[in-house]
Structures are given as structure tokens and as C-alpha cells.
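A.B. asks: Submitted below is the structure of interest, expressed as C-alpha cells.
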Amino acid sequence: MIKKTIVITTAFSLLFLTGCSQTAPGFNGSNAGKNNISDATQIAGDTVTIDENQYGNETAGSAAAGKYNSSGNGFQSIYFAFGDYAISSNMENNIASDANVVNRANAAKIKIEGNCDEFGTDEYNYALGLKRAKAVKDAIAAQGGNTGNIVIVSFGESNPVCSDPTDECYARNRRVDLRLVK
């Protein structure tokens with residue numbers, strides 16, 4: 001009787017202590033390594049997941065790339081796919097341009113602002129905005145940009161540039177903006 005109780009208690013303890021694994025939003029085999037965060041202490045982990053297929057799965061900046069720029073001081077905005085923080089190949093020219101502006105800015109402080117569309121919880125969007133900002137900072141560093149004076153922030157969904165209920169508008173809000181801090 002005591003052995004049976006110990007076995008059952010142990011089994012329930014193991015089930016309780018082992019959780020379900022969860023894949024990061026936007027991650028699949030073809031994006032392996034693209035969404036890695038080099039300094040996880042700066043970014044909080046995801047707390048919720050959302051169904052990315054519920055609202056469509058547009059390519060990064062499909063409607064927004066090249067048409068809009070909400071960044072300032074010579075920087076170019078970087079656009080992202082729904083629920084993703086990997087920088088797409090069609091944003092590489094913007095990253096290269098931004099790295100050049102960063103290097104010309106010398107000792108000026110630069111703010112990288114992560115933004116999201118309105119889908120998802122506040123916590124999810126805040127974390128996603130941070131991941132997008134960090135991905136842009138890492139990409140600028142990979143292009144040879146001096147990131148010593150860069151700070152990253154997330155506005156989540158609270159800083160939209162468009163409020164129309166259209167896919168193009170949502171795509172414009174899934175972005176990172178760069179600005180000189182004055």
C-alpha cells in the first residue's frame with residue numbers, strides 16, 4: 001500500500017513538474033537562428049501565444065516596405081511579418097542604410113522603438129516590440145554599426161501610425177522606428 005502511494009505521488013509530481021514545450025512565435029525550421037536573442041536578460045520572455053493564421057500571414061512589410069517611413073533623422077523604418085521578429089531579406093537595404101546613419105551619428109544617442117499591430121495581449125505585444133528592437137540593434141551591429149549609444153524600447157501596440165482596420169494598415173504598425181535622442 002505504501003509503495004503504491006509513493007509510486008502514484010512520484011508520477012503526479014513528475015507530470016506537474018514537467019511542462020509542455022512551446023515554440024517561439026514565428027519560429028519554424030526555415031527561420032532557424034534568425035530569431036536568436038544574444039542577450040536574453042534585456043528581453044522578457046513570451047507569456048502568451050496567439051494563432052498567427054487567424055489574421056493572415058503576410059510577408060514582412062508586404063504592403064508597407066518602401067512606401068512608408070515613420071523613422072526620423074535619416075533612418076529607415078524596418079517592417080516585420082505578423083507575430084515575427086526576424087528581419088526579412090527585403091529589409092536588408094534599410095538595415096544597411098540605418099547602420100551608415102548610426103556610424104555618421106558618432107556619439108549621439110539613438111533610440112530604437114519596437115512597435116506592433118493591435119492583435120495580441122499588451123504583454124505579448126510589449127515583448128514582441130522589444131524583440132523586434134533588439135533584432136534591429138543586432139542587425140545594425142552585424143553591418144558594422146556602432147551600437148554603444150543605442151537604447152531599445154518597446155511601445156507594443158500603443159504607438160500606431162495607422163488605425164484603419166485593413167491589412168495594409170496593420171502591416172504599417174508592425175515596425176521598428178529609429179530616432180536620434182535630443
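A.B. asks: Just want the ordering: LYS182, LYS131, LYS109, from fewest to most Cβ atoms lying within 10 Å of their own Cβ.
C.D. replies: So the residues, fewest neighbours to most, are LYS182, LYS109, LYS131.
A.B. asks: Follow-up. Describe numerically, in nm with one decimal, the distance between label points set 7 Å from Cα along Cα→Cβ at VAL181 and at THR121.
C.D. replies: Inter-label distance under the simple model: 3.0 nm.
A.B. asks: A further question follows. Which of the peptides 165-178, 95-108 is most tightly packed, and how do the rest follow, going by the mean number of other Cβ atoms within 10 Å of each residue?
C.D. replies: 165-178, 95-108
A.B. asks: Follow-up question, since we're still on this one. Out of residues 5 or more away from ILE150 or on other chains, whose amide H comes under 5 Å of its own, with H placed 1.01 Å from N in the peptide plane?
C.D. replies: Here ILE110 satisfy the definition.
A.B. asks: For a footprinting-style exposure proxy, rank SER70, SER158, SER163 by other Cβ within 10 Å, fewest first.
C.D. replies: SER163, SER158, SER70
A.B. asks: For THR166 and ASN106, compute 0.36 nm times the residue count separating them, minus their Cα-Cα distance, and round to one decimal in nm.
C.D. replies: 17.7 nm
A.B. asks: Express the relative contact order of the stretch 104-182 as a whole percentage, based on alpha carbon pairs under 8 Å and six or more residues apart in sequence.
C.D. replies: Relative contact order comes out at 47 percent.
A.B. asks: Using θ = phi - 60° and the Karplus curve 6.51 cos²θ - 1.76 cosθ + 1.60, what whole-Hz ³J(HN,Hα) does each residue of the stretch 81-89 get, with Gly and Pro shown as x?
C.D. replies: My calculation for the stretch 81-89 gives 6, 4, x, 10, 10, 7, 7, 7, 5 Hz in order.
Any read-out appearing in this document is the output of simple, stated calculations on the displayed coordinates, not a laboratory observation. Just so it is clear, the structure is predicted and the values come from calculations on it, not from any experiment. Every residue, glycine as well, gets a Cβ built from its backbone with ideal geometry; the counts of neighbours run over all protein chains shown.
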